Amino acid sequence: MRLRELRLEDAPLMAEWMSDENLTSGLHSDYSSKTIRDAEDFIRASQNSPTEKHYAIVSDEDEYMGTASLRYIDTEESAAEFSVAVRRHALRKGYAQHGMMEALDIAFGSLGLNSVYWRVKADNARAIRFFEKLGFHTLDQDVPPNILNRHREETDSVWFAVLRGDDYRNSALSRGTVAGNRIIRIKTVPTIEAGELSFFEAGQDVSFEIKRVYYISKVPEGRRRGFHAHKELKQLLFCPYGEIQLILDDGTVREEITLNDPSIGIVIDKPTWREMLWLKKDSVLCVAASDHYKVEDYIRDYGEFKVFVGHQSS
Ligand code: T46
């Protein structure tokens, strides 16, 4: 998946999400009467605007999945507002997250801005949950008055922000854990203009003895794997290349983290249900495991897993 300029041929799929009330009811604008013509007008108007940048979030096959936008770009204030909308077909596949990260890269990179703000309707629980899972928190204050004034009619918004220098791609790291499993930083040595080298050593950086290493590659974008837990096995998971969402569930809490940094590892050392979603084609998931492959250590039924962890904790 990637961002590119919007094209007129994106209009039919853009009109598709606009007419999906389930998707638009939480947005600020009213899209109920929008047509393909309106979508075409929007794309044309956005093409030469210095203050509005709209990008198509597209699949590897270049299919339009949604729009990520930087609006009200204010070079004096060095700020912009972010927004994102995706088609139903793109939900839960990582497109919104990917579009957001690339749009923030553009805001702080080529546009050279210092801050990006966005607002969400206070009753749009799905959107608030989405941003909070990425590690963003609603702002109680500190939204610049000129930005607040722009939307003074809307009294039902909560605000989020990213400032230049924030590690927005890895804000999950500050959480420390995912569903009770530790997020660790793998030692990483940068070399001058020749990349970096990451390493961990058994008995020193990893608390269990490593008996097996395996890796998963050549997975198409948008595909899921996993759907199981282990009874005894302990593992360190990391993604040396690409972008993979890891969904972990300890039987009580279900949380996600995006692995897109070779220096981040997740230690899963207690029974945890896992699912992995390939956000980018050719991403690689590497695992250092505490034991050899034992089919009897797998729990592949979620109901059984719930019983297993229930018994363990009682
Ligand atoms: C896990 C997640 C993160 C082997 O023969 N040896 C091995 O060491 C492994 C790991 C797998 N296999 C066989 C078993 C299956 O026939 O490879 C096939 C695919 O395994 P599975 O469907 O379990 O793959 P994933 O990606 O769902 O899960 C794997 C690991 O199995 C699992 O332990 O935690 O990655």
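Starting from the Cα coordinates of region 1-46, work out the convex hull volume and express it per residue in Å³.
Hull volume normalised by residue count: 94 Å³.
Hey, any idea what the orientation-averaged projected area of the convex hull of region 55-157's Cα atoms comes to, in nm²?
7.1
Counting each DSSP H run of 4 or more residues in the chain as -39500 (n - 2.57), what helix-only mean residue ellipticity at 222 nm follows after dividing by all residues, to the nearest 500 deg cm²/dmol?
Mean residue ellipticity at 222 nm (helix-derived): -6000 deg cm²/dmol.
Can you run phi through the Karplus equation (6.51, -1.76, 1.60; θ = phi - 60°) for region 100-108 and list ³J(HN,Hα) in whole Hz, with x for Gly and Pro?
Per-residue couplings from phi come out as 5, 4, 5, 5, 5, 4, 5, 4, 8 Hz.
Residue separation times 0.36 nm, minus the C-alpha to C-alpha distance between Asp297 and Phe200: what's the value?
32.4 nm
Along Cα→Cβ, 7 Å out, is where each label goes; now give me the distance between the ones at Arg129 and Arg71 in nm to one decimal.
Each label point is offset 7 Å from its Cα along the Cβ direction, giving 2.4 nm.
Would you mind calculating the gained length between Asp62 and Tyr214 on full extension (0.36 nm times residue separation, minus the Cα-Cα distance), in nm to one decimal?
Extending this stretch completely gives an extra 51.6 nm.
State the three equivalent ellipsoid semi-axes of region 162-288, derived from the C-alpha gyration tensor as the square roots of 5 times its eigenvalues, in descending order and whole Å.
22, 18, 16
Can you list the HN-Hα couplings for region 278-295, worked out from phi with the Karplus curve (6.51, -1.76, 1.60; θ = phi - 60°), rounded to whole Hz and with x for Gly and Pro?
For region 278-295, the Karplus-derived couplings read 6, 7, 9, 4, 6, 5, 10, 9, 10, 9, 9, 10, 7, 8, 5, 5, 9, 4 Hz, x marking Gly and Pro.
Would you list, by chain and number, the lysines whose Cα falls below 16 Å from the Cα of Lys231, excluding same-chain residues fewer than 8 positions away?
Straight-line reach from Lys231, under 16 Å: Lys270, Lys294, Lys306.
Counting other Cβ atoms within 10 Å of each Cβ, which GluC sites (Glu not before Pro) in region 8-92 have at most 13 and sit in a DSSP loop?
Of the GluC sites (Glu not before Pro), the ones in loops of region 8-92 whose Cβ has at most 13 other Cβ atoms within 10 Å are Glu61, Glu76.
Beyond 29 Å between alpha-carbons counts as too far, so tell me which of Lys234/Lys280; Lys34/Lys218; Lys34/Lys281; Lys53/Lys93 fall in that bin.
Lys34/Lys218; Lys34/Lys281
P(r) for the chain, please, calculated from all Cα pair distances in 10 Å bins and given in %.
5, 23, 31, 23, 13, 4, 0
In nm, to one decimal, how far is the Ser207 label point from the Thr177 one, both placed 7 Å along Cα→Cβ?
Roughly 1.1 nm, to one decimal.
Give me the percent relative contact order of region 25-96, please, defined on Cα pairs under 8 angstrom at least 6 residues apart.
The normalised contact order for region 25-96 reaches 21 percent.
None of the figures in this text is laboratory data; all of them are computed from the coordinates on show. Just so it is clear, the model here is predicted, and its values are computed rather than measured. Note that each Cβ is placed from the backbone with ideal geometry, even for glycine, and that neighbours are counted across all protein chains shown.
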